[in-house]
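Sending over a structure as structure tokens; questions will come in a sec.
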Amino acid sequence: VTQIKRQPGSSFKPFVYAVAVNDGYSPAYGISNDPLTVNIGGRNWTPTGGGTGGKITMRKAIARSVNVVAVRTAMEIAPLDKVINLAHEMGIKSELPNVLSLALGAGEVTPLEITNAFGTFANEGIWVEPVAILRIEDRNGKVIEDISMVSNHKEVLSEGAAYIMSDMMTEVVENGTATSVRQFFH
């Protein structure tokens, strides 16, 4: 959990949208879903997944995991340097590449990092340092050291933006790519 690194894939997209929401963009803000090809270092890159034309709201884009819209969001209203900074503030310690494919989860993170970062959304924008040991007791149960009140925490996302993002992410389960998990909540 603390050492293996994997690409988070689409689970990284909320950090892109969180930058936009934190900067005042509404979940109803429309982003082009037209096909996209970007020239990067003399080579063309065409993200797949989406590209069906028209505009789509950020709320629908996150629910349907539309790759083209996530990339366009990073290009137009959520610059990658801000995305990287926010992801780091929310608990991702791994180095993240400043490339457009990061919007689709091309960087590598540990399971603990991504879990901690998502916890920040649920914790109203407050990041809390994960702590594995809360207290140390001797064999008689006497507390030798209580670490539970020492963990670091700070506000890294406005409470409003965290609420909006949490609400947007519920769309993934209610009407998006993860509707099959609803059976476990009823």
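At 25 °C and a viscosity of 0.890 mPa s, what translational diffusion coefficient does Stokes-Einstein give for the range 101-186, taking Rh as the Kirkwood radius over Cα pairs? Give it in µm²/s as a whole number.
155
Checking the a/c ratio against 1.5 first, then a/b against b/c, what shape does the Cα gyration tensor give for the range 36-103?
oblate
Using the alpha carbon gyration tensor of the chain, what are the three equivalent-ellipsoid semi-axes (square root of 5 times each eigenvalue), largest first, in whole Å?
34, 19, 15
Using the beta-carbon distance between T46 and I4 and R0 = 22 Å, what value does 1/(1 + (r/R0)^6) give for FRET efficiency, to the nearest 0.05?
0.15
Could you please put M75, M168 in sequence from largest to smallest accessible area, using a 1.4 Å probe?
Greatest to least solvent exposure: M75, M168.
Here's something else I'd like to know. Would you please give the FRET efficiency between V181 and I144, computed as 1/(1 + (r/R0)^6) with r the Cβ-Cβ distance and R0 = 41 Å, to the nearest 0.05? Let's see the in-between values first.
Working: r = 42 Å, r/R0 = 1.03.
The value I calculate is 0.45.
Shifting gears a bit: R0 = 22 Å: FRET efficiency of V99 with A28, Cβ-based, nearest 0.05? Show your work: numbers first, answer last.
Values: r = 28 Å, r/R0 = 1.30.
The formula returns an efficiency of 0.15 here.
Along the charge dipole of the range 63-186, pointing to its positive end and built from +1/-1 on Cβ of Lys, Arg, Asp and Glu, which listed residue (A161, V71, T179) has its Cα farthest out?
T179
For N152 and A122 in one chain, what is 0.36 nm times their gap in residues minus the Cα-Cα distance, to one decimal in nm?
Values: separation 30, 0.36 × 30 = 10.80 nm, distance 1.68 nm.
Gain on stretching N152 to A122: 9.1 nm.
Could you pull out the GluC sites (Glu not before Pro) across the range 99-160 that fall in loop regions by DSSP (anything but H, G, I, E, B) with no more than 16 other Cβ atoms inside 10 Å? Let's see the in-between values first.
Numbers: sites: E108, E113, E124, E137, E145, E155, E159; in loops: E108, E124.
Of the GluC sites (Glu not before Pro), the ones in loops of the range 99-160 whose Cβ has at most 16 other Cβ atoms within 10 Å are E108, E124.
Still on this structure: In debye to the nearest 20, how big a dipole does the range 98-183 give about its Cα centre with +1 on each Lys and Arg Cβ and -1 on each Asp and Glu Cβ?
Numbers: 5 positive and 13 negative charges, 41 e Å.
Dipole size: approximately 200 debye.
Which one of P97, V143, N123 has its Cα pushed farthest toward the positive end of the charge dipole of the chain, where Lys and Arg give +1 and Asp and Glu give -1 at the Cβ?
Value: P97.
Going Cα to Cα from K55, which aspartates and glutamates come in below 12 Å? Please leave out same-chain ones fewer than 8 positions away.
List returned: D34.
In whole Å, what are the Cα extents of the range 24-74 along the three principal axes, biggest one first?
Per principal axis, max minus min of the Cα coordinates gives 35, 23, 16 Å.
The values are calculated or read from the model by the stated rules, or taken from the named source; none is laboratory data. Treat the numbers as computed from the prediction; the structure is a model and nothing was measured. Here the Cβ is made from the backbone with ideal geometry for all residues, glycine too, and neighbour counts use every protein chain on show. These accessible areas exclude ligands, DNA and RNA; they are computed on the full protein's heavy atoms, side chains included. Shrake-Rupley method; radii C 1.70, N 1.55, O 1.52, S 1.80 Å.
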